[in-house]
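Only one structure is covered here, and it is reproduced in the block below.
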Amino acid sequence: MALTMFMVGFGFHNDAWRRAGSRAEEIGELSLIRDMACSAERARLDAIFFADSYGAKGLRDGSYRGTSVYEPISVMGVLSGHTDKIGMIGTQSTSWNEPYTVARQLASLDVLTGGRIGWNIVTSTRGNENVGREEMPLPELRYRRAMEFVDVVQKLWDTWDSDAVIADRASGRWVDEAKIREINHRGEFFGVEGPLSIRRSPQEWPVLVQAGQSADGIELGSTYADIIYAVQPDRAGAIEFYSMYKEKVRAKGRDPEKVKVLPGIMPVVGETEADAEELSNALADCIVEESGRAMLGRMLEFDLSDLELNEKIPSERFVDGPQHVKRWYLFRDMAQDMTLRELMVHASRSLGHRFVVGTPAQVAESMIDWFDARACDGYNFNPPSIPEGMENMFGLLIPELQNRGYFRDEYVGDTFRERSGLMIADTDVTNVRRRYV
């Protein structure tokens, strides 16, 4: 299995930070994120993942896990000095950045870390008010821009050959100029000459990660991404999604075995079932009713203030529309059987991702069942709480997966790509080069 972890210092259970023993006072500081990264590396995870957001609204309305208190480029740079092997995936928006800047920053980090960087590609669904835009661009426009954006970034990463540095002291030539190229890109959104001033990474270029499940998101991910993050709480649906995505990748002439589909999972693990249930119930008790109700209302896009906690949401309030993401439909379907409180708890604990409670053996068996059924290539861990829930994952669950032969005991390979089976074929690099030579 490929295993990564979402680096959310609050814990993925939205109000887990209220639990005694959390490190809430350190959230946003180096000490907490350093310890989380080092713990993940000791567990031999493939990578740690940093989300991003253009705004602090979540901190004001109680949606803590959805607000980035660590800027990805900065934190990956700092953590490169505290870790040695683990990959680091940082989010950068194609809507609010320029390709040359993103290509340069990520290429620099990738070289400095010896090939440990990944880029989570997002088009952003909010944040226009902080970048001088009156309103959000329409999704179709954002994804058209994203397709060209990633194309330009890949071209820029390929402007240096791996042997461009010759350090010829006799001739006074540090590089072979013939092995550094312009791209002279002129497109709908960008005009970029190139080249970069950053030498080529030992892993060719950073690992590309994408999480969109709309038609446009799947087009972007199947064209470029090495890792696909997914919201797939149902086994049958996950198998169908996995098969569909692999076929999309194959149809584009890419090797589907080199593209990893990783659904999110929140495992609440205890030495016994009773221990796991106790932790799960304790985390549910941390939910603040007012903010939990408001968070669910924002997700569903209508007001819930008039409903009692033991009521079900009337079906007529769910009005279909083109703006809804997959998660909206998941919660619409769950609302047929769940009360408002049950939905609030579900949204607070997993936000539509898989939620599994049990002993290490029980959780491992569930994960292995999906893996063997070709529902996934691994998982992105959403740690339920920090440090307790995360430590249970690493101290109890990971050893169980290792003992069963489903996860590595040691890192093998020199780069993120090598360790995760994501190596770029020569034809991939050649195809990028053909687009501008």
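The values are calculated or read from the model by the stated rules, or taken from the named source; none is laboratory data. These figures come from a predicted structure and were not determined experimentally. Cβ: placed from backbone, ideal geometry, glycine included. Neighbour counts: every protein chain shown.
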### Task
Give the residue that is surrounded by the most Cβ atoms within 10 Å (Cβ to Cβ), with candidates limited to residues of the range 392-435 that are of a type in the set (Val, Ile, Thr) and modelled with pLDDT of 95 or more.
398
#### Entry: Residue in the range 114-171 that is nearest to residue 52 (Cα to Cα), counting only those that are touching a strand residue (DSSP E or B) at 6+ places or on another chain (Cβ under 7 Å) and among the charged types (D, E, K, R)
116
## Note on the structure
Across the range 237-255, the tally of residues that are over 13 Å from residue 224 (Cβ atoms), among the small types (Gly, Ala, Ser) and out of contact with any strand residue (DSSP E or B) (no Cβ under 8 Å at 6 or more places or on another chain) stands at 3
### Message
I need the helices (runs of 4 or more DSSP H) fully contained in the range 340-430, keeping only those with at least 2 residues that are out of contact with any helix residue (DSSP H, G or I) (no Cβ under 7 Å at 6 or more places or on another chain) and within 28 Å of residue 252 (Cβ to Cβ).
### Response
360-372, 416-420
### Query
Taking residue 229 and the conditions (1) surrounded by fewer than 21 Cβ atoms within 10 Å (Cβ to Cβ); (2) modelled with pLDDT of 95 or more; (3) of a type in the set (Ser, Thr, Tyr), which numbered condition does it fall short on, given that it satisfies the others?
(1)
### Query
Residues of the range 325-343 being crowded, with 19+ Cβ neighbours inside 10 Å and modelled with pLDDT under 85, which ones?
330, 331
### Within the range 208-236, considering residues that are outside any loop (DSSP other than H, G, I, E, B) and without any contact (Cβ under 8 Å) to a residue 24 or more places away in the chain, the one farthest from the chain's Cα centre (by Cα)
236
### Count of the range 3-39 residues which are over 16 Å from residue 394 (Cα atoms), of a type in the set (A, V, I, L, M, F, W, C), assigned to a loop (DSSP other than H, G, I, E, B) and in contact (Cβ under 8 Å) with a residue 24 or more places away in the chain
2
### Task
Report yes if some residue within the range 126-146 is under 19 Å from the mean Cα position of the chain (by Cα), farther than 18 Å from residue 188 by Cα, of a type in the set (Gly, Ala, Ser) and crowded, with 16+ Cβ neighbours inside 10 Å; otherwise report no.
yes
### Hits in the range 276-293 - residues which are touching a residue at least 24 places away in the same chain (Cβ under 8 Å), part of a helix (DSSP H, G or I) and not basic (Lys, Arg)
276, 277, 279, 280, 282, 283, 284, 289, 290, 291, 292
### Task
Evaluate the following for residue 271: is it surrounded by fewer than 16 Cβ atoms within 10 Å (Cβ to Cβ) and in a helix (DSSP H, G or I)?
no
